[in-house]
Ligand SMILES: [Zn+2]
C-alpha cells in the first residue's frame with residue numbers, strides 16, 4: 001500500500017512538472033535506474049538485438065517497442081518508467097522500421113509488427129521484397145522469441161509507437177474511412193491532435209482513456225483485418241493490449257498519455 005502511495009505521489013509530481021514546462025519532459029531525480037540486458041536473436045545468417053530495460057521489480061506491465069525508428073515513444077516512456085517502475089522490450093534495428101536479414105547470402109526484409117501470424121509474415125516479406133520457406137520459418141521463430149518475453153502473469157502489454165502527421169490517425173477509424181471495420185468503438189476529440197491515439201483490445205481501457213479525453217479506439221477483436229500485427233494477435237488470444245501512439249516528436253503529449261494509462265493500470269491492480 002505504501003509503495004502504491006509513493007508511486008502516485010511521483011505520478012502527480014510528474015504531471016505537475018509537465019504542466020509547468022509543457023515544452024520538454026522535466027523529471028527530477030528518477031526513482032529507478034534501469035538494468036539493461038541485450039539479447040541477440042539469430043535470424044538466418046543475421047542477428048537482431050533486443051534490449052530489455054527493467055525499472056525496479058517487474059510489476060506486470062510490459063511495454064514493447066517494435067519499430068526502432070519510433071524513438072519519441074521510447075524517450076517519453078523511459079522517463080516515466082524511471083519513476084513508476086516497469087519493463088520495456090525494445091527491438092534494436094538502427095532506428096529503422098523494416099528489419100533486413102540474410103539467409104545464404106539472400107536478403108529479406110520484414111515489418112516487425114506484421115509477424116504474429118503466418119499470413120502476416122508472408123505478406124510483409126512479399127511487400128518488402130523476397131519470400132522463401134526458409135525466410136518464413138526464420139521470421140516465425142523471431143516472432144515466437146518476442147512473444148516469449150510476455151509471460152502469462154503480464155496484466156497488460158503496452159505498445160510504444162509513433163506516426164507521421166495524419167498518415168494514420170483516429171480519422172482512419174471513423175465511419176467511411178479505411179479502417180472503419182477494424183474498430184468496435186471510436187472516441188475522437190477536437191481538442192486532441194488526430195495523430196495522438198490510444199488503440200486497445202480492451203473495452204475498459206478504451207472507456208477509461210476516452211474518459212481522460214484522449215482519442216481512443218477499441219479494436220473489433222473478431223472482425224479486425226488479420227494482418228499479423230501484435231494488436232490482432234492479442235485480440236485473438238484474449239491478451240489485454242494497448243498501443244499509445246503520438247506523432248513523432250511529441251514527447252510531452254506522449255508522456256502525459258502514458259502516465260494517464262499507467263495510473264489507470266495501477267488503479268486496476270490495486271483492486272485485484
Ligand atoms: Zn509503429
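The values are calculated or read from the model by the stated rules, or taken from the named source; none is laboratory data. No experiment lies behind these values; they were computed from the predicted model shown. All Cβ positions, glycine included, derive from the backbone under ideal geometry; neighbour counts span all protein chains shown.
General observations
- Residue that is within 18 Å of residue 229 (Cβ to Cβ), surrounded by fewer than 21 Cβ atoms within 10 Å (Cβ to Cβ) and more than 14 Å from the chain's Cα centre (by Cα), where the choices are 98, 106: 98
- Pairs with Cβ under 6 Å, 6+ apart, first in the stretch 191-208 and closer than 12 Å to residue 261 by Cα, second part of a loop (DSSP other than H, G, I, E, B): 198/214
- Residue 148, sole failed condition from (1) more than 15 Å from the ligand (Cβ to nearest atom); (2) under 19 Å from residue 226 (Cα atoms); (3) without any contact (Cβ under 8 Å) to a residue 12 or more places away in the chain: (2)
- Filtered by the rule that a residue be more than 14 Å from the ligand (Cβ to nearest atom) and farther than 13 Å from residue 230 by Cα, the stretch 151-171 gives 151, 152, 153, 154, 155, 165, 166, 170, 171.
- Pick from the stretch 57-81, criterion outside any strand (DSSP E or B) and modelled with pLDDT under 95, ranking: surrounded by the fewest Cβ atoms within 10 Å (Cβ to Cβ): 57
- Taken together, the residues in the stretch 85-95 that are surrounded by fewer than 21 Cβ atoms within 10 Å (Cβ to Cβ) and more than 14 Å from the chain's Cα centre (by Cα) amount to 4.
- Count of residues meeting criterion [part of a helix (DSSP H, G or I), within 16 Å of the ligand (Cβ to nearest atom) and touching a strand residue (DSSP E or B) at 6+ places or on another chain (Cβ under 6 Å)] in the stretch 113-134: 1
- Residue within the stretch 86-94 that is touching a residue at least 40 places away in the same chain (Cβ under 8 Å), under 30 Å from residue 33 (Cβ atoms), out of contact with any helix residue (DSSP H, G or I) (no Cβ under 7 Å at 6 or more places or on another chain) and away from the ligand (no atom under 16 Å from the Cβ) present: yes
- Single residue of 102, 137 found to be part of a helix (DSSP H, G or I) and more than 21 Å from residue 162 (Cβ to Cβ): 137
- Complete set of residues in the stretch 186-242 that are crowded, with 22+ Cβ neighbours inside 10 Å and at positive phi: 228
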